[in-house]
1. Residues that are among the β-branched types (Val, Ile, Thr) and out of contact with any strand residue (DSSP E or B) (no Cβ under 7 Å at 6 or more places or on another chain): list the helices (runs of 4 or more DSSP H) wholly contained in region 1-113 that include at least 3 such residues.
2. So the check is Cβ under 6 Å with 6+ separation or different chains; which pairs have a first residue in region 201-228 that's surrounded by 20 or more Cβ atoms within 10 Å (Cβ to Cβ) and a second one that's basic (Lys, Arg) and assigned to a helix (DSSP H, G or I)?
3. Within the bounds of region 48-56, is there any residue that is small (Gly, Ala, Ser) and crowded, with 22+ Cβ neighbours inside 10 Å?
4. Looking at GLU72, GLU98, GLU88 in this structure, which one is of a type in the set (Asp, Glu) and buried (at least 24 other Cβ atoms within 10 Å of the Cβ)?
5. Does at least one position in region 162-174 carry a residue that is part of a loop (DSSP other than H, G, I, E, B) and open to solvent by 20 Å² or more (accessible area, probe 1.4 Å)?
6. Evaluate region 13-26: report whether one residue or more is farther than 30 Å from MET96 by Cα and modelled with pLDDT under 90.
7. Going by what's in this entry, would TYR140 be described as surrounded by 12 or more Cβ atoms within 10 Å (Cβ to Cβ) and more than 21 Å from the chain's Cα centre (by Cα)?
8. Hey, among THR123, THR135, which residue is of a type in the set (S, T, N, Q), in a helix (DSSP H, G or I) and surrounded by fewer than 16 Cβ atoms within 10 Å (Cβ to Cβ)?
Amino acid sequence: MKSFVKYILKIVFILVISACLLDFIFTNVYGKSSERNKIQAVINGNIKNFDVVVLGSSRANNHIVTNEFIKENIHAFNYGMSGSSLEESALLLQLMIEKKWNIKNVLLEVDLNVNSESYSDGTRALYMPYLRNKTISNYYKSSENFNSLYYVPFYRYVVYEAKIGVRELFFSIMKRKSNALQNGGFYPLTNQGKNMSYDLSKYAPKANKNYQKIKDLCRTYKINLIAITTPMCANTVNMDYFQALKKRYPEIHNFEDVVTDDIYFSSCGHLNVAGAKIFTQHIIASFKESKIL
């Protein structure tokens, strides 16, 4: 019996040491990588200076064409991320500020994402290698599994293996660049959707603490915040949602109907690259005319 207990203790000891070692290796590799995604580009990258930083979900990432700003001599980058919530946008902005970035304007997509105050699991995964960062841990400490993620060695890499597992570790070691940082952060959708529709009846704009956090950060650090809505296809039920959103947040610039023709959409809520160029050109012209940019 005693020998059996010793054997079990040896196994447990080996597992704990292995987990600690793997945690150290993964965290060390990701702590030096800056070419795989936008989050690590901010955390591990150099200080940046931008006229415009774009934040938001895929409805920012696929809609705001960075090169259209460059053509107008406006230094910009699209830090929108597919699936990202306003919480992740607020966190990314705070990390930029802590890195002493010089940002004149934040162009923030605020439309459907205002309905949720939760985090995005996919985007959250990309923050996990940096969970020991005080700012990041403060954002996620109220999560139900925070203690396990924070204190159990290697646990976060197991839970989020699809995003930060062995495959991603290998690409990071090889310094293989991803498409996330190409095209100034803009991710183009090339297809043309068919038979598209969307129902906004289930949405009702509500107060969002993360949007307020972004507003507070911009106010405190004297960054001009430009909040916008982005296009939906013509066959969208309850477009009055956007007027209700404007009523709750009067500072938001409504651009949801700038592009409506189906040929410019990849899906009902996402423009293809042709539509994105038209949309971006429109908002640049609009903000230059009103001297916001």
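1. Result: 2-30, 38-44.
2. PRO205/ARG248
3. For region 48-56, residues small (Gly, Ala, Ser) and crowded, with 22+ Cβ neighbours inside 10 Å: present.
4. GLU88
5. yes
6. yes
7. Against the criterion (surrounded by 12 or more Cβ atoms within 10 Å (Cβ to Cβ) and more than 21 Å from the chain's Cα centre (by Cα)), TYR140 does not qualify.
8. THR135
The values are calculated or read from the model by the stated rules, or taken from the named source; none is laboratory data. For clarity, every value in this text was computed on a predicted model and none was experimentally measured. Neighbour counts run over all protein chains shown; Cβ positions are idealised from the backbone, glycine included. Areas reflect the complete protein model, heavy atoms only, side chains present, ligands, DNA and RNA absent. Shrake-Rupley method; radii C 1.70, N 1.55, O 1.52, S 1.80 Å.
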